[in-house]
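Asker: Structure below; questions to follow.
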Amino acid sequence: MGTFKAPRGTADILPAEQPYWDFVRRQGEAICRRYGYRRIDTPVFEEAGLFVRSIGQDTDIVEKEMYLFQDRGGKEMALKPEGTASVCRAYLEHGMASLPQPVRLYYLTPLFRYERPQAGRLRQHHQLGFEALGEMDPALDAEIIDLAWQFYFSLGLRGLAIKLNSLGCRQCRPAYRQALVAYFAARLESLCADCRSRFSRNPLRLLDCKNPACQTVGDGAPRSTDHLCPECGQHFESLLRYLALWERPCQLDHRLVRGLDYYTRTVFEVQPPEEGGQSTIGGGGRYDDLMVELGGRPTPGVGFATGLERIVRNLQRQGVSVPSASPGPRVYICYLDEAREEAMRLLGELRRQGVEAVAAVGSRSLKAQLRHADAQGASHAIIVGGEELQSGTLTVRDMGSGQQRPVPRGQVEAWLRGQGRGTGNGG
Ligand code: HAM
């Protein structure tokens, strides 16, 4: 162990884990493209004000979790704690309102939150997120939920539950908020200290407190879906009809409010089977007022994001085996000293032809080189010695079966591609 360790709450993603990450990213990108979403990348840091305005002053993220710093020009910056605000900022900055609407975008990005680290909760995590901007239609809310569902399904994850709620809009939320305040005011003494301090500022957040006593009180609280204005009610009804049409069953959960303040109407979360509330694998919803908050014209939006660390955790827990990213042969070239130059020539050729190949380095015996090839997970070893130099053939060893055969020098690449698929014993 050296002097330094990775910062608390961060994780190195080592080569052995990379097949999971590759798989999740590949599936995610393929499914997003299938639904018409195009990739966007935004900077890893932004002006801090962007997040204060969008996520909300009274949220955990803004109150205590943002990584804030002053740059050398004295500007207050933040490492990105979530992706939606940046995507909306980019939509406004690049005049995407003039594109055909809705604009469908997805992203893969690291994010930073100074949280108390625990299993599945990190200070740097990664999200796949997708956003549909510029349209109010509930068909898009359903599309986002369907896309999330399809993504998890394509990964092989099973038993996930989708929790759904509608939080109303500017018109109907104030009356709901008042009903909540009245309800909780009469029960303050049963609530935890956090909830009591939040009660007047952000009564909706009391509904998703993890404290069991607060949850019991929350269960009896007024429901937002009973307070929706006619437009929000209709929007929610249509969403439910689309979801039924696509056979995407959701559980209505009147305590679901989400931890970011920008949501209007639809909110939803995806829960894995084994764990409780802290383990939410993905969440999203509609945010029709966010663009105005960021200085733009009224522009509706709806989106979702899912944590890649939590997905990988659930894949491993459910025993899902992931395909290797490179199913072709993985070649290891062994050689005797007199054939070193020929071995290096062959190595260069194979690599240029697109074959994954390494050669022995240093000065190991042939036997030790073969052991090394095995330890490195090679599918094939190619042996180059004096005999091979003379005959113009190479000895190719299948590392799985241990069988060796001569292959003419000029045909080795084609032979490997034809015969050698997927027989590697590693990765
Ligand atoms: P969020 O619920 O804060 O939503 O995060 C989305 C997902 O990111 C979570 O469900 C979880 O899987 C993962 N996640 C969040 N924080 C952590 C953490 N500290 N460690 C590990 N994983 C974490 C958003 O960020 C919204 N921007 C989602 C959205 C997109 N809403 C509309 N569009």
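Asker: Going by amide H atoms built from the backbone, whose H comes under 5 Å of the H on R265, apart from near neighbours?
Answerer: Correct list: L167, G168, C169.
Asker: To the nearest 20 debye, what charge dipole does the stretch 331-426 have about its Cα centre, counting +1 at the Cβ of each Lys and Arg and -1 at the Cβ of each Asp and Glu?
Answerer: Working: 12 positive and 11 negative charges, 49 e Å.
Taking the Cα centre of the stretch 331-426 as origin, the dipole is about 240 debye.
Asker: Can you spot the lysines whose alpha carbon is less than 19 Å from K367's alpha carbon? Ignore those fewer than 8 places along the same chain.
Answerer: Answer for K367, where 19 Å is the Cα cut-off: none of the lysines qualify.
Asker: Run the dipole for the chain about the Cα centre, Lys and Arg Cβ at +1, Asp and Glu Cβ at -1, nothing else charged, and hand back the magnitude in debye, nearest 20.
Answerer: Details: 54 positive and 50 negative charges, 85 e Å.
With Lys and Arg at +1 and Asp and Glu at -1, about 400 debye.
Asker: In the chain, which Cys residues have no partner Cys with a Cβ closer than 4.7 Å?
Answerer: That list is C32, C88, C169, C192, C195, C232, C250, C334.
Asker: Also, I was wondering about something else. Would you calculate a helix-derived [θ] at 222 nm for the chain, using -39,500 (n - 2.57) for each DSSP H run of n ≥ 4 and dividing by the full residue count, to the nearest 500?
Answerer: On the way: 14 runs with 147 residues, N = 427.
Helix contribution divided over all residues of the chain: -10500 deg cm²/dmol.
Asker: Hey, what do the phi angles of the stretch 178-192 turn into as Karplus ³J(HN,Hα) couplings, whole Hz, using 6.51/-1.76/1.60 and θ = phi - 60°, x for Gly and Pro?
Answerer: For the stretch 178-192, the Karplus curve yields 4, 4, 5, 4, 4, 5, 6, 4, 7, 10, 3, 5, 8, 9, 6 Hz.
Asker: Between Q403, Q251, Q376, where does the largest GNM mean-square fluctuation fall for the chain, given springs only between Cα atoms within less than 10 Å?
Answerer: Top of the fluctuation ranking is Q403.
Asker: Sequence neighbours fewer than 8 away in the same chain don't count; with that in mind, list the lysines whose C-alpha is under 21 Å from K163.
Answerer: K210
Asker: Test of understanding: what is the full-extension gain from A30 to E338, defined as 0.36 nm times their sequence separation minus their Cα-Cα distance?
Answerer: Working: separation 308, 0.36 × 308 = 110.88 nm, distance 4.81 nm.
Between A30 and E338, full extension yields an extra 106.1 nm.
Asker: Which residue, M96, C214, A359, has the largest displacement toward the positive end of the dipole of the chain when charges sit on each Cβ (Lys, Arg +1; Asp, Glu -1)?
Answerer: A359
Asker: Also: Mind checking which lysines have their C-alpha under 16 Å from K80, skipping anything on the same chain fewer than 8 residues away?
Answerer: Cα-Cα hits under 16 Å: K64.
Asker: So, one more: Starting from the Cα gyration tensor of the stretch 159-251, multiply each eigenvalue by 5, take the square root, and state the resulting semi-axes largest first in whole Å. The partial results should precede the final answer.
Answerer: Numbers: eigenvalues 150, 61, 15 Å².
Working through the eigenvalues yields semi-axes of 27, 17, 9 Å.
Asker: Hey, another quick one. Under the Kirkwood approximation applied to all pairs of distinct alpha-carbon atoms, what is the hydrodynamic radius of the stretch 209-261 in Å? Please list the in-between numbers first.
Answerer: Numbers: mean 1/r = 0.0765 Å⁻¹.
Kirkwood hydrodynamic radius for the stretch 209-261: 13.1 Å.
Asker: Now for a separate question. With θ taken as phi - 60° and the coefficients 6.51, -1.76 and 1.60, list the Karplus ³J(HN,Hα) couplings across the stretch 341-352 in order, rounded to whole Hz; mark glycine and proline as x.
Answerer: For the stretch 341-352, the Karplus-derived couplings read 5, 4, 4, 5, 4, 4, 4, x, 4, 4, 4, 5 Hz, x marking Gly and Pro.
Asker: Got a sec? Which residues in the stretch 346-381 would a label at R417 touch, if it sits 7 Å along Cα→Cβ and we count backbone N under 16 Å?
Answerer: 349-357
Asker: So what are the radius of gyration and Dmax for the Cα set of the chain, in Å?
Answerer: In Å, with Rg to one decimal and Dmax whole: 27.5, 94.
Asker: In the stretch 331-426, what is the volume of the convex hull around the alpha carbon atoms, normalised per residue and reported in Å³? Intermediate values should be presented prior to the final figure.
Answerer: Working: hull volume 8.3 nm³, N = 96.
Enclosed volume per residue, from the Cα hull, is 86 Å³.
Read-outs throughout are calculated quantities, based only on the coordinates presented, and are distinct from any laboratory measurement. Model, not experiment: these values are computed from the prediction. Here Cβ is always computed from backbone atoms with ideal geometry, including for glycine, and neighbour counts include all displayed protein chains.
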